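K.L.:
Just passing along the structure, written as structure tokens.
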Amino acid sequence: MYYPIMSPSPSYDEECPPTGGRVATMPPVLRLGWLIGFCALIALLTAWGRPGGGALTGPVVRVIDGDTFQVKLGDRTELVRYIGINAPEINHPSRGEEPGGREAAAVNRRLVQGRRVQLELDVEERDAYGRLLAYAYVGDLMVNAELVRRGYAQVMTIPPNVRHQDLFVKLEREAREQMRGLWAEPASFAGLPR
């Protein structure tokens, strides 16, 4: 017995070779429309979270330390942890204040406080503490990389968020060799987890 999915018409029906029955099909112009719509959706999802993607942009409302800040995203405030880097702590629960922590926080503050940042996400969106994980940009400047380049953070990549790992390793090597920032006093990074 034949149960049409759509009202039968010559433009919608084709012969179904195995059974000899008929099956409703979509006209080619509608198939093309679906394909274009699907591709547009994939493009939007791919752009989400990238600088220029427009999805995650907002002003920094507070700098917590050398690798963490708060940003206003729409009607909510998010705690953001830079991906791929680690700066000395100001108020670590078990180790207290680490050498260089205040200096790293001051540099981070000068780079982002009150400025509009664009957040680029990687594979994992949040850490175990619920913080948003991101590469942060002020204009074309990636702040994560700038903190490493200036010597106020070291590389700390945690898979799967490794998109800019090679850049960070190169910048840390240069900062160490040129004794920039906290590398001028290597004890500042001594004892920090690698």
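K.L.:
According to the square roots a ≥ b ≥ c of the eigenvalues of the Cα gyration tensor, what is the shape class of region 90-145, taking rounded for a/c under 1.5, prolate for a/b larger than b/c otherwise, and oblate for the remainder?
P.N.:
Oblate, since a/c reaches 1.5 and b/c is not below a/b.
K.L.:
For region 84-189, just say rounded, prolate or oblate: build the C-alpha gyration tensor, square-root its eigenvalues into a ≥ b ≥ c, call rounded for a/c under 1.5, and beyond that prolate if a/b exceeds b/c, oblate if not.
P.N.:
rounded
K.L.:
Per residue, how large is the accessible surface of region 94-158? Use a 1.4 angstrom probe and give square angstrom.
P.N.:
48 Å²
K.L.:
Hey, any idea what % of region 104-194's accessible area is carbon plus sulfur with a 1.4 Å probe?
P.N.:
51 percent
The values are calculated or read from the model by the stated rules, or taken from the named source; none is laboratory data. Keep in mind that what you see is a predicted model, and the values were worked out from it rather than measured. Each accessible area value is taken on the protein alone, full model and side chains, heavy atoms only, with ligands, DNA and RNA left out. Shrake-Rupley method; radii C 1.70, N 1.55, O 1.52, S 1.80 Å.
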